[in-house]
Amino acid sequence: MNTTKIFEKSIDLSITKSDIDNSLIGDVLSLSKLMEIAGAIRDYGKGNVITFSPKIFIPLTKLCRDTCGYCTFRKEPGYENPYMSPDEVLGLAQAGEKMGCTEALFTLGERPEQKYDVAKKWLVKYGYNSTIEYLVAMNRIVFEKTNLLPHSNPGTLSRRELKMLKPYNASMGLMLESISPSLYRENGPHEYAPSKRPSVRIKTISLAGEEKIAFTTGLLVGIGDSFEEQVDGIYKIKEINDEYGHIQEVIIQNFRPKINTLLNGTPPPKEEYMLRLVSIARIILGPYMNIQVPPNISIGGYGQYINAGINDWGGVSPLTIDHVNPEAPWPQLKNLKLVTEKYGYELQPRLPIYSEYLSESGTFVSQAMDDKIRNRLLVG
Ligand code: SF4
């Protein structure tokens, strides 16, 4: 298939698995040609704007019932208080508001009360049955008392939990990470992480679609699966979005080795590998999907991912560190702007829910959320 045909099929959202196998994975196209097509597809759907979300990072709890072979976010009990208090959450949100942030990213460990008594007892003491119940309460405080919009990443969720969270979250997220079964076999990075089974993650992402929640997902690249499996993962995301239309953003994130983890000796994916995968993601997902590479952890200079077809840098915080990658500082906004402009694009802030999901008031966001966004955040 020639490059014009690939472009046309991508615009029509009709690139098939065999198109990819025959033309792209088989190294028929050079990386530069692949990036050229991906960049043209992004330009067709997104114009010359690259976005970012000014955010604060709220690590509500770092306790987690799972253990992933690359994670240093997770802590054992005793490291610090099991949960951030309501005053800490609100104080952080108010400080972020003063600095012009609009997103309150709640990232936390998966259901720690199922593993640790200290978490269970803390929740009972303060009147909550679960971490998710406490998260809902903290989302609500931020939603009602500040201009920030919560976006929660609490792990796998039931339909009931998604319904509880939706009124106070502009959007939510769960990385698919990978669809490979090899990762949860003996000695794999997900052996002790039942929430990382692809089937349970696909279930949560699909339930969020049924509940009409604007959703962020993506891949974690380099943790032991193959390039072909990663491409299959992108197809899986497309398939879910084709059914529900709620995937607002796909993150193609590279793994980074960290000391004292199982994968410490595993090298991160190479720059060319990531550029190829990001380009293929744009070709598969088409011109209208928001595709993000986080600039603080990307391999090589982050600007070149613009040429591979991304249109978003994700959350960038002027106040809080990246608690998942604490060794990797966010770029300063002036540098992000300079790099984006150097590649010929304009940097613009966005809300944690993309504007295309605001047009259907009462569908993807509650009336109260819609009112808050329109009256307090989109003025002027
Ligand atoms: S990556 Fe998430 S699920 Fe895995 S151990 Fe860390 S906090 Fe828990």
* **Counting all C-alpha pairs of the range 270-380, share separated by more than 18 Å (%)** => 59 percent
* Structure fact -> Looking only at aspartates and glutamates whose Cα falls under 12 Å of Lys55's and that sit 8 or more positions away or on another chain, we get Glu97, Glu103, Asp322
* Helical contribution to [θ] at 222 nm, DSSP H n ≥ 4, -39,500 (n - 2.57), averaged over the chain, rounded to 500 -> -11000 deg cm²/dmol
* Structure fact -> Taking a straight Cα-to-Cα line shorter than 19 Å from Lys5, and setting aside same-chain lysines fewer than 8 residues away, one finds Lys17, Lys33
* Crossing angle, helix 271-285 versus the chain [Cα axis fit, 0-90 degrees, rounded to tens] -> 90 degrees
* Structure fact -> Per DSSP, the loop-located trypsin sites (Lys or Arg not before Pro) within the range 118-222 having at most 13 other beta carbons within 10 Å are Arg185
* Share of antiparallel DSSP beta bridges in the range 3-377, in percent to the nearest 5? -> 5 percent
* Isotropic mean projected area of the C-alpha convex hull, the chain (nm²) -> 17.6 nm²
* Looking at the chain, which longest stretch skips every one of the GluC sites (Glu not before Pro) that is in a DSSP loop with at most 14 other Cβ atoms within 10 Å, leaving the sites themselves out? -> 187-326
* To do: Mind running the shape call on the range 63-193? Use the C-alpha gyration tensor, a ≥ b ≥ c as the square roots of the eigenvalues: rounded below 1.5 for a/c, prolate if a/b tops b/c, oblate otherwise.
  => prolate
* Tilt of helix 198-210 relative to the longest C-alpha principal axis of the chain, in degrees (0 to 90, nearest 10)? -> 80 degrees
* Could you pull out every one of the aspartates and glutamates with an alpha carbon less than 13 Å from that of Lys121, ignoring same-chain neighbours closer than 8 positions? => Glu113
* Structure fact -> Given unit charges at Cβ for Lys, Arg (+) and Asp, Glu (-), the dipole magnitude of the range 3-377 about its Cα centre in debye, nearest 20, is 720 debye
* Asked: Rounded to the nearest whole Å³, what is the per residue volume of the convex hull around the Cα atoms of the range 115-264?
  -> 134 Å³
* Asked: Where does the charge balance sit around Gly78 when Lys and Arg score +1, Asp and Glu -1, over other residues with C-beta under 13 Å from its C-beta?
  -> -1
* Which of Trp122, Trp330 has the fewest Cβ neighbours within 10 Å, and the rest in rising order -> Trp122, Trp330
* Sorting Ile240, Ile283 on the 10 Å Cβ count, fewest up front, what's the list? -> Ile240, Ile283
* Furthest towards positive pole of dipole, His323, Val339, Leu90, structure part the range 3-377, Cβ charges -> Leu90
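Coordinate-derived values only; no laboratory data. Nothing here was measured: the structure is a model prediction, and the numbers come from that model. Note that each Cβ is placed from the backbone with ideal geometry, even for glycine, and that neighbours are counted across all protein chains shown.
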